[in-house]
Amino acid sequence: MTERNPHLGDELGIEAVIAGERRLSRADAMRLYHEAELTELGRWASAVCDRIHGPMRAEDGSRGVRTYVIDRNINYTNVCSAHCTFCAFRRDEGEDDSYTLTTEQLHEKVRELVEIGGTQVLLQGGMHPGLELGFYEDLLRGLKRAFPQVHIHGFSPPEFVEFVAVLELEGFPTTEPKRSHELPAGVWSAKLEAVMRRLMDAGLDSIPGGGGEIFAEHVRRRIGLGKATADQWLDVMSMAHRLGMKTSATMMFGHIEGVADRIDHMARVRERQDLAIENDWPGRYVSFIAWPFQRENTPLGRLPDFDRESGEAFAGDVLADLVASGSLDGGDKRACDAAVPGAGKVVRQSGASDYLRTQAIARLFLDNVHSIGSSWVTMGPKIGQIALFYGANDLGSVMMEENVVSAAGTTYCLTEPYLCHLIREAGFVPAQRDNYYNLLRVHGGGDGDAPDLRVTDWSTQREKKLHVEGVGSPRKASAETAVRLTIGEG
């Protein structure tokens, strides 16, 4: 990191950025990361958040609202054709602990959600090559018949890319798994639209931003083997926006990527949101959530840590800067390997301050995205609470179930009263929202019915272990079970 610059705010016109009158460039965002004091970043990002969502205390004395949602993250299968090196969740079809939920299992999970006041399911799975379109349509219709009040936020872009490859649909060809890119562009887009419309007709309400990871090709080809490319991911979301669905965007950082790769990722989201706005498409990105890589039980996590005391530049930054400057084509694997042979061979994990710095920049940079979500699931509840002062307006979900992050060793789980407590103790009024960020219940406390204000013994509200699908502990990344790392291969 370069020396902190006390004049940075003036040099970047940050007051105009806060007012929504100036847009940060990629170069500006890089300067924020390297030159801004962390506390100043938090103050600036909070000011933007306050403009969009209301300040902690308004002039009339009322307190601002910060939100959460009650949903359940249901992974309907862990069978996956991709081999992402950061994932401890995926299984091959036929493995002893592979699974695909039955209708009865799925409905029981949603029933439990409804009983605690939940309004939404986050429905995602591995990229299962053996399931048919009818399976997904029956799944959605069955849920809507049994639970018409529940919003289905389902099927991430990589799943849709695999749907284009393997699902049988009259009038369209198929390919082998992971090879939808072999289809002509027009055929690919037309089949994507046809599949998406079928699933929307069956009950799909919106699409989550899973599988975003890092868009930069020189990073993505190392960590997401067989997964959607960045352009495919973004094209799926643009199609959803054109057809009227709201979506979220995500970023997983703190592994082999450079800082410029994070900014590039945010910029691509912002550019596609601009496209939706310019074309007046009915759908939009409504939220952005970024979280640090969790290394436990993952093949990528077996890489050594970057030595921050070595005095050497992180190879991921060197490569990212070369690509960002136009000096190197990130799509040219051989050129990237030759230019920066150490890239992708060590992991630079992200701690609390780096997480908060990155989130604050996201709030300042993504001026056309409504919500920034805190990632307490990976960072823990206290850092999640602090994130409310670094641009986040939403604490996400109570997370009664989560399997992908949990498989990598992170198992934070909080009750609704505790989430409300975190928001209220930070100085805001907690409110339950829906997927579109409409407020369902505002817990001001005046009626005495706020979940946190009814608690008399906080020892009953301690962090609980998440429900994780399957039996036994997460599988360790060993020589027998781990997918192949692509060190030196890109």
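The values are calculated or read from the model by the stated rules, or taken from the named source; none is laboratory data. Not measured: the values here are computed from a predicted model. Ideal geometry is used to build each Cβ from the backbone, glycine not excepted, and the neighbour counts take in all protein chains shown.
Things to note:
- Subset of the stretch 269-287 (residues that are touching a helix residue (DSSP H, G or I) at 6+ places or on another chain (Cβ under 6 Å) and either modelled with pLDDT under 95 or outside any loop (DSSP other than H, G, I, E, B) (or both)): ARG272, ALA276, TYR285
- Flag if LEU183 is within 22 Å of TRP291 (Cα to Cα) and modelled with pLDDT of 95 or more: no
- Of residues in the stretch 9-65 being surrounded by fewer than 17 Cβ atoms within 10 Å (Cβ to Cβ) and polar (S, T, N, Q), the one farthest from PHE428 (Cα to Cα): SER25
- Sole exception among (1) over 21 Å from TRP233 (Cβ atoms); (2) out of contact with any Gly (no Cβ under 7 Å at 6 or more places or on another chain) for LEU143, by number: (2)
- Taken together, the criteria place ALA249 among residues that are surrounded by 18 or more Cβ atoms within 10 Å (Cβ to Cβ), outside any helix (DSSP H, G or I) and either in contact (Cβ under 8 Å) with a residue 60 or more places away in the chain or among the hydrophobic types (A, V, I, L, M, F, W, C) (or both).
- Failed criterion for GLU217 (all others in (1) crowded, with 19+ Cβ neighbours inside 10 Å; (2) farther than 30 Å from LEU322 by Cβ hold): (2)
- Pairs, first among the β-branched types (Val, Ile, Thr) in the stretch 104-120, second surrounded by 12 or more Cβ atoms within 10 Å (Cβ to Cβ) and assigned to a helix (DSSP H, G or I), C-beta under 7 Å, six or more apart: VAL110/LEU143
- Among (1) out of contact with any Lys or Arg (no Cβ under 9 Å at 6 or more places or on another chain); (2) closer than 15 Å to VAL166 by Cα; (3) at pLDDT below 95 - the single one LYS227 does not satisfy: (1)
- Residue match in the stretch 332-339 (condition: modelled with pLDDT of 95 or more and in a loop (DSSP other than H, G, I, E, B)): yes
- Residues (among the acidic types (Asp, Glu) and in contact with a His (Cβ under 6 Å, 6 or more places away or on another chain)) located in the stretch 193-208: ASP205
- Selected residue (criterion: farthest from MET245 (Cα to Cα)) from residues of the stretch 220-229 that are hydrophobic (A, V, I, L, M, F, W, C) and surrounded by 23 or more Cβ atoms within 10 Å (Cβ to Cβ): ILE223
- Residue check, ARG454 in contact with a helix residue (DSSP H, G or I) (Cβ under 8 Å, 6 or more places away or on another chain), part of a loop (DSSP other than H, G, I, E, B) and at pLDDT 55 or above: yes
- Those strands (runs of 3 or more DSSP E) lying entirely in the stretch 64-160 with at least 2 residues at pLDDT below 95 and within 26 Å of LEU414 (Cα to Cα): 71-75, 120-124
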